[in-house]
Every structure is written in structure tokens, then in C-alpha cells.
Amino acid sequence: MLWGSAGVLTLGFLVALQIVAYRLGIPGPITTQAREVVHAPKSGFLLYASLALTMVVLSRRQRLIALGTAIGIDLVFLLVRWATGTYPDEGHPFGNGALWVILGCGIIALTRRTGPERLLMLKGVGLGLLLVTGRKTGDTWLLITSKTRPVVLDPYVAMADHALGNPSWLAGRLLRASGPVGEHALDYVYAQLAVAAVCVALYQLRHVAAERRFPRHHLVRTFLLIGVLGPAVYMIYPVVGPMFAYGPEGGPWAVADLWPDTLPPVATPYAMPFDGITPRNCMPSLHTAWATTIYIHSRRGPRALRLAGTFWLIATLAATLAFGWHYGVDLIAGVVFAYTVEAALRTYDRGWDRAGLRLVGYGTVVFAVLLASYRFLPMEMAAYPWLFAPLLLLAMASVVHGYRRTTRLWEARIPAPRTEPQPEPAV
């Protein structure tokens, strides 16, 4: 019933978003996903990562068949595009095969499987499609924010960011000094965040095929919920980022061409009009939230996975600042947002435990206070950085500490399995 209800709600949400997108004259998530059955996908890596999630329910032999079939279909697509001269100018020339195999697994589950086996395979297909659909839903949300929010609050956030020393300006200059190698490395890390998440999720779901069931909590749940809730905050607090509001990408809409060489002057902020194209997707930084979630879930893995989770978090933070896509205060809000969503899911799994409810309530309050302070106290934050910078960092650290303390208490209460005395063999 839970999976069925989730499926119905997801379908209803997608249909509603498709209708809104149609009325705004932009492509919706269902339309863009349906196109990738034949047209070149935006991210072939993401489609193969989604196929990997689907294959956690298959046996080793079935996985080899599924992967080989996906690669074979992609080779056919490549040959056809080469023969017809329709090689894509944008996106990736591969990935259609992975989507075809995912859909094929769904058809096989409905027509060739019964009972628990059908349900398990449908769960795997749903998990893979949710990752793909979540990406398409996010793209549609970004277009909606640009069409429905004509003014942005960047001057407020830029003033509040003075409390942290405007780290995006410093990171932008450091990235420029690193040359093309640093730029390409950070761009790859930033763009392939979902693939990194799948790597951690595959470790968590490695026993699904053997145990014939999914674990109660895993990374994909938090990843998708962040993607659903985050864009709602974009609509409340529209921000385009320093690259656009204070940099060359903003064109005539920018305050001035200041990023990353000249810090914005301390001046009374105002809501400024902006174009109808640039997404208002800065507050909070969802890339930071997702990278934080990868870090959290990698803590229970082997050493290599923990190191990879730490690297991806640090590199993502560096990329969001260095490319001018986020302010420093966006990142703090993103970390608080991630820990609060993670705490909410774990609290739900425990039947709304009182300690968990306190943690979720506290994280929600801290997140709301952060957004309110950026909006209503930016001049004070710019004037007294020695006061507000420690307060911002302490607020974030308090949520992280509260999460770690609460989860350790939960784990300490789990009773260790008792070993029953075994009868001695008769002599």
C-alpha cells in the first residue's frame, strides 16, 4: 500500500507539473522523458546509473543480460545516427539503451512475474525511473522559477554574504588561477553528482537481490525528497547567483560586472528584476544538500567509500562557489536543509520518535531563521561580520551535532543479538 500510494502521488505530481509547464509554454517532465526514448538524452551517464539501480533486484546473470542489451541498443542507435547524419549537437549519444532496458524490465515484471517477484522487480524499475524523472522534474522546476519570479533577492544575499567574507569571489579568483585543469575537474564533479549518489546507493542496496527486499532507509529516498522540497524554497526565495547578478553572464540585468574581481559594495539591498531565462535556484544550494547527503550515507561504508564521499562534498562546495553559482550563505542553508530532511526520514522510519521530532523541529527553525536573517538583517550582517559569521557557523554546526547525537542514541538503544546456549554433544 505504501509503494502504491507513493506511485499514485508521484504520478499525480508529474501530471500537475506537466500541466503547469504546458500553460507556461515550456517542456514538462513527462514530455522531456518520453523524448529520450528515441532522441539523444541529456545525460547518458544518469540513465545508466538509473539502470544500475534497477539491476539491484536482478541476479548476476540477469544483470549481464540487461547491461549487454542496453549497450547493444545504444550501438544500434549510434550506427543509425551515423548513417543518417543525425549525430546530436547537445546531450550524449548514448543512454537510450539503458532507458529501453528499464522499461523492458517493467514490462517483464507485469507480464512474466507474479507475487513477491513481480513486486520486487517493479520496485527496482520504479527506483530507476524515479532518479531519471527526478532530474526531469528539477529541470522543469528551474524553468518555472524563471517564468514566474520576475524579481530576485540577490542584493540581500550578497550583503548577508559579507559576514562570511564573500567566499564566492575568492573561490572564483582561485579557480581562474588554476587554469583549465581545475575548471574541468570541478565541472565534472558538479555535473556527475547524481552518478556519485548512485555509487553510494549501490553499496547500500548490494544485498537486495539475495535478500529479496529493500532496506528500510537508503540514500535514494533522501536524494529524491530533497529534489522535491528544495524547489518550493526557490519559489519563496528567488536568487540567481553571483555569476549572473554581479557577473558577465547577467548581461544588462546584472547590478554590475563585479564577480569575481571586485566585491559588491555595502549598500541598501533591493529586489531587482531579472530575465525570464535564468533559474532562480540558489537558496538553498541543493547541490550542497545532495553532496552532504552523499557524505552522510557514505559514513557507514568502507574506507574508500568514506574518502570518496568526503572528496565529493569538498569538491562540490568548491565548485558551487568557484563557478559563481552560489553565495556562501546558500551553502550553509543547504547543509541545514540536508540534515533536516535526513532526520525527518529517519524519524519517520522510527514511528515519529520524540527525539527525532525535536531534531526535525529544531532543524526547521534554524533553516527558517537563516532565510529570515538573510532577508531582513543583511545590512547588520555586513556591518558586524565578527558577530554574524560565528553565529551562522554555530547554527549549522548545532544541527549537525544534534543529528549525530540523536542517531547515536538511536543506535545505542538497538539491543545486540543474544546468543542462545547450544546443547553440548552427548558423549
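Answer yes or no as to whether V132 is open to solvent by less than 20 Å² (accessible area, probe 1.4 Å), in a helix (DSSP H, G or I) and at pLDDT below 90.
Working: open to solvent by less than 20 Å² (accessible area, probe 1.4 Å): yes; in a helix (DSSP H, G or I): yes; at pLDDT below 90: yes.
Taking the combined requirement at face value, the residue satisfies it.
Across segment 78-122, what is the number of residues that are farther than 19 Å from A209 by Cβ and among the hydrophobic types (A, V, I, L, M, F, W, C)? Spell out the reasoning first.
Quick first cut of segment 78-122, residues farther than 19 Å from A209 by Cβ only: 78-97, 99-100, 103, 107, 110-111.
Subsequent filtering for residues that are among the hydrophobic types (A, V, I, L, M, F, W, C) retains 78-80, 82-83, 94, 99-100, 103, 107, 110.
Result for segment 78-122: 11.
Every residue, every condition in (1) over 20 Å from H207 (Cβ atoms); (2) touching a Gly at 6+ places or on another chain (Cβ under 7 Å), yes or no:
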{"position": "L58", "(1), (2)": "no, no"}
{"position": "R63", "(1), (2)": "no, no"}
{"position": "L67", "(1), (2)": "no, no"}
{"position": "D74", "(1), (2)": "yes, yes"}
{"position": "W82", "(1), (2)": "yes, no"}
{"position": "Y87", "(1), (2)": "yes, no"}
{"position": "F94", "(1), (2)": "yes, yes"}
{"position": "I107", "(1), (2)": "yes, no"}
{"position": "T111", "(1), (2)": "yes, no"}
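Please state which one of A177, A210 is within 27 Å of A318 (Cβ to Cβ), without any contact (Cβ under 8 Å) to a residue 24 or more places away in the chain and open to solvent by 50 Å² or more (accessible area, probe 1.4 Å). Give the derivation first.
On the way: A210 fails: within 27 Å of A318 (Cβ to Cβ).
Matching residue, one of A177, A210: A177.
Is one or more of the residues making up segment 310-323 free of Cβ contacts under 8 Å to residues at least 60 places away in the same chain and over 22 Å from P180 (Cα atoms)? Before the answer, list the steps.
Residues of segment 310-323 free of Cβ contacts under 8 Å to residues at least 60 places away in the same chain: 310-311, 313-314, 317.
Then keep just the ones that are over 22 Å from P180 (Cα atoms); that gives 310.
Yes, segment 310-323 has at least one match.
Could you list, in sequence order, all residues of segment 275-322 that are open to solvent by 10 Å² or more (accessible area, probe 1.4 Å), closer than 22 Å to R149 by Cβ and part of a loop (DSSP other than H, G, I, E, B)?
Across segment 275-322, the qualifying residues are D275, G276, I277, T278, P279, N281.
So in segment 345-372, with the set limited to residues that are in contact with a Leu (Cβ under 8 Å, 6 or more places away or on another chain) and either among the β-branched types (V, I, T) or within 19 Å of G230 (Cα to Cα) (or both), which one is most open to solvent (accessible area, probe 1.4 Å)? Spell out how you get there, then give the answer.
First, the residues of segment 345-372 that are in contact with a Leu (Cβ under 8 Å, 6 or more places away or on another chain): 345, 347, 355, 370.
Adding the requirement that they be either among the β-branched types (V, I, T) or within 19 Å of G230 (Cα to Cα) (or both) leaves 345, 347, 370.
Working: L345: 23, T347: 0, L370: 7 Å².
Of everything passing the filter in segment 345-372, L345 is most open to solvent (accessible area, probe 1.4 Å).
Which numbered condition in (1) touching a strand residue (DSSP E or B) at 6+ places or on another chain (Cβ under 8 Å); (2) assigned to a helix (DSSP H, G or I) is the only one that I226 fails?
If we test I226 against (1) touching a strand residue (DSSP E or B) at 6+ places or on another chain (Cβ under 8 Å); (2) assigned to a helix (DSSP H, G or I), just (1) comes out false.
Does at least one position in segment 185-201 carry a residue that is surrounded by fewer than 21 Cβ atoms within 10 Å (Cβ to Cβ) and outside any helix (DSSP H, G or I)?
Yes, segment 185-201 contains at least one residue that is surrounded by fewer than 21 Cβ atoms within 10 Å (Cβ to Cβ) and outside any helix (DSSP H, G or I).
Given the options M243, M235, name the one that is in contact with an Asp or Glu (Cβ under 8 Å, 6 or more places away or on another chain), farther than 21 Å from A343 by Cα and in a helix (DSSP H, G or I). Spell out how you get there, then give the answer.
Numbers: M235 fails: in contact with an Asp or Glu (Cβ under 8 Å, 6 or more places away or on another chain).
None of the others qualify; the one that does is M243.
Among the residues of segment 156-168, count how many are on the phi < 0 side of the Ramachandran plot and open to solvent by less than 10 Å² (accessible area, probe 1.4 Å). Walk me through it before giving the result.
Quick first cut of segment 156-168, residues on the phi < 0 side of the Ramachandran plot only: 156-164, 167-168.
So of that shortlist, the ones also open to solvent by less than 10 Å² (accessible area, probe 1.4 Å) come out as 157-161, 163, 168.
Final tally of qualifying residues: 7.
Enumerate the pairs (first residue in segment 363-391 and farther than 17 Å from V233 by Cα and among the hydroxyl-bearing types (S, T, Y); second residue anywhere and modelled with pLDDT under 95 and surrounded by fewer than 16 Cβ atoms within 10 Å (Cβ to Cβ)) with beta-carbon separation below 8 Å, excluding pairs fewer than 6 apart on the same chain, so at least 6 apart or on different chains.
none
The values are calculated or read from the model by the stated rules, or taken from the named source; none is laboratory data. All values reported here derive from a predicted model rather than from experimental measurement. Methodologically, a virtual Cβ is constructed for each residue, glycine included, from the backbone with ideal geometry; neighbour enumeration extends over all protein chains shown. Just so you know, the surface numbers come from the protein's heavy atoms only, side chains and all, with ligands and any DNA or RNA stripped out. Shrake-Rupley method; radii C 1.70, N 1.55, O 1.52, S 1.80 Å.
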